[in-house]
Amino acid sequence: MEQNIARDEKLTNVVSPLQDAPAQAATKKVFMKTYGCQMNVYDSQRMTDALASDGYGLTENMEEADLVLLNTCHIREKAAEKVYSELGRIRKLKEEKASVGQELLIGVTGCVAQAEGREILRRAPSVDLVVGPQTYHRLPSVVKRAKSGEKVVETEYAIEDKFEHLPQPAKAIVRNRGVTAFLTVQEGCDKFCTFCVVPYTRGSEVSRPVNQILTEAQRLAESGVREVTLLGQNVNAWHGEGPDGKEWGLGELLFRLAEVPGLSRLRYTTSHPRDMSESLIAAHRDLPQLMPYLHLPVQSGSDRILKTMNRKHTAADYLRLIDRIRGARPDIAMSGDFIVGFPGETDQDFEDTMRIIREVNYAQAFSFKYSPRPGTPGAGMSNHVEEHVKDERLQRLQALLNEQQAAFAQSRAGLEMDVLIEKPGRDAGQIVGRSPWLQPVIMNAELGDIGDIVRVRISKAGSHSLFADSEIPVTA
Ligand code: SAH
Ligand code: SF4
Ligand code: F3S
């Protein structure tokens, strides 16, 4: 998502002059279903915004849609297969609509689109368009072509097109989406972990230029957004030329973003242990806006497995890094991802993973059974682990992680903390906010309005949420 000669022109076009004009009145409806990671959530919003200028309003009800888009994920087999069962259901709807003279276009976007391309049309002939993540700027024209009867597959792109972004939405649209927002700063991956499809579906690592990021961040803040989460498959590999002419990393970018008026909270995800630079750790030490929560996947605690996974660091490197980060920001909560049953994983390797989990003590974690993915080196390795062994290991690992997560939640009870109020609660008189550690905080609606950051005392910690019933007056 980066640009070549036309770079500067494209940058100025990122914020289109039409963005604050009302979108063309919605005459057609698009239904969008999003799978996978936060970047897909961000991309789905950008696609919805682009289609709005073509008269497509968003609907929550697939039956009334003229266009259905599945924004897909290819990370594990289950995620990819879900798309085909969904496509089977949508085909029935398309046939029903056709029988009463109505048209329904079906589109597949995201990482399955990129990985499988034309193969999707073979397996699911009712699909009309397939668009990969690097070609979303062509979506509006693709939809027009599909409407005129063409089956369109757009997955080819030039590297310089990678940050040819869809236009920014009108401020009113951003405001409606709430007080937190995602902002993609980096896309793609050059790390080639041997289990992972992302380098193939999202292409090579590219960083968005600083001025594009600042323009978008300022615009979000002006639209009422208080918390921005910077996104990238390897977000801390972001780098670019700063306005001072120096090479910036994510740390420098965060220091600059902390100066944007109105942005009170910053987060970033997902980071790789190899790209935790000194300046990024300094940002955790010095920036109160940078929330004390870090998702830093390690995948395994066994050096042997880390090596065959091509992670290019050892368990000890990871532990040392966490010590440094905790030294800079003692209240930081760690989050991680784990894979059990990678080819060749022995009982001892698995015990090493259990040990690293005990040493780190995670506040949050995601864990998966290894899923062989077509085209990745892992899939071709010998000594695959039997399914029942993967199941047993996953169960033990998740039991330990659940224990740690519950203990972390309990440790918040009685604490005073700043909570960003995000939305009304399920019950009348309730409001839901977010703790610095990403936990929902349920509290009395009288404590503040949406967008406020209020200081409260946590009265009780449940397994999924915290509860607060008092406001602590903030003393200067
Ligand atoms: N860029 C991120 C990860 C993106 S994928 C990083 O490097 O950490 C999100 C998570 O999915 C990974 O961290 C990994 O734990 C899991 N994952 C990726 N490929 C997988 C596979 N083939 N089988 C099982 N889990 C996988
Ligand atoms: Fe996948 Fe590894 Fe890249 Fe993360 S760093 S996206 S796990 S290849
Ligand atoms: Fe899935 Fe693609 Fe994200 S494979 S996890 S949607 S980058």
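The values are calculated or read from the model by the stated rules, or taken from the named source; none is laboratory data. For clarity, every value in this text was computed on a predicted model and none was experimentally measured. Using ideal geometry, Cβ is built from the backbone for each residue, glycine included, and neighbour counts are taken over all protein chains shown. Areas reflect the complete protein model, heavy atoms only, side chains present, ligands, DNA and RNA absent. Shrake-Rupley method; radii C 1.70, N 1.55, O 1.52, S 1.80 Å.
Looking at this structure, is Gly203 open to solvent by less than 10 Å² (accessible area, probe 1.4 Å), within 16 Å of ligand 3 (Cβ to nearest atom) and either modelled with pLDDT under 95 or farther than 22 Å from Arg324 by Cβ (or both)?
yes
Just to be sure I understand, how many residues within the stretch 178-196 are in a loop (DSSP other than H, G, I, E, B) and within 11 Å of ligand 3 (Cβ to nearest atom)?
Filtering the stretch 178-196 for residues in a loop (DSSP other than H, G, I, E, B) gives 178-179, 185, 188-196.
Those left that are additionally within 11 Å of ligand 3 (Cβ to nearest atom): 188-189, 196.
Within the stretch 178-196, residues that are in a loop (DSSP other than H, G, I, E, B) and within 11 Å of ligand 3 (Cβ to nearest atom) number 3.
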Please give the number of the condition Cys111 fails out of (1) surrounded by 15 or more Cβ atoms within 10 Å (Cβ to Cβ); (2) away from ligand 3 (no atom under 16 Å from the Cβ); (3) modelled with pLDDT of 95 or more. (2)
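Can you say whether Gly433 is in contact with a helix residue (DSSP H, G or I) (Cβ under 9 Å, 6 or more places away or on another chain) and modelled with pLDDT of 95 or more, as far as the supplied structure shows?
Working: in contact with a helix residue (DSSP H, G or I) (Cβ under 9 Å, 6 or more places away or on another chain): yes; modelled with pLDDT of 95 or more: yes.
Against the criterion (in contact with a helix residue (DSSP H, G or I) (Cβ under 9 Å, 6 or more places away or on another chain) and modelled with pLDDT of 95 or more), Gly433 qualifies.
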Test each condition in (1) open to solvent by 30 Å² or more (accessible area, probe 1.4 Å); (2) within 16 Å of ligand 3 (Cβ to nearest atom); (3) touching a residue at least 60 places away in the same chain (Cβ under 8 Å) for Thr215 and report the one that comes out false. (2)
Is one or more of the residues making up the stretch 323-330 within 12 Å of ligand 1 (Cβ to nearest atom) and at pLDDT 95 or above? no
Mind checking which pairs have a first residue in the stretch 281-306 that is free of Cβ contacts under 8 Å to residues at least 12 places away in the same chain and a second that is away from ligand 3 (no atom under 16 Å from the Cβ), Cβ under 7 Å, 6 or more apart or different chains? Leu306/Ser300; Leu306/His313; Leu306/Thr314; Leu306/Ala315
For residues that are open to solvent by 10 Å² or more (accessible area, probe 1.4 Å), more than 16 Å from ligand 2 (Cβ to nearest atom) and aliphatic (A, V, I, L, M), tally how many sit in the stretch 67-108. 3
I'm trying to understand the selection: among the residues of the stretch 347-399, which are in contact (Cβ under 8 Å) with a residue 60 or more places away in the chain, assigned to a helix (DSSP H, G or I) and within 16 Å of ligand 3 (Cβ to nearest atom)? Gly378
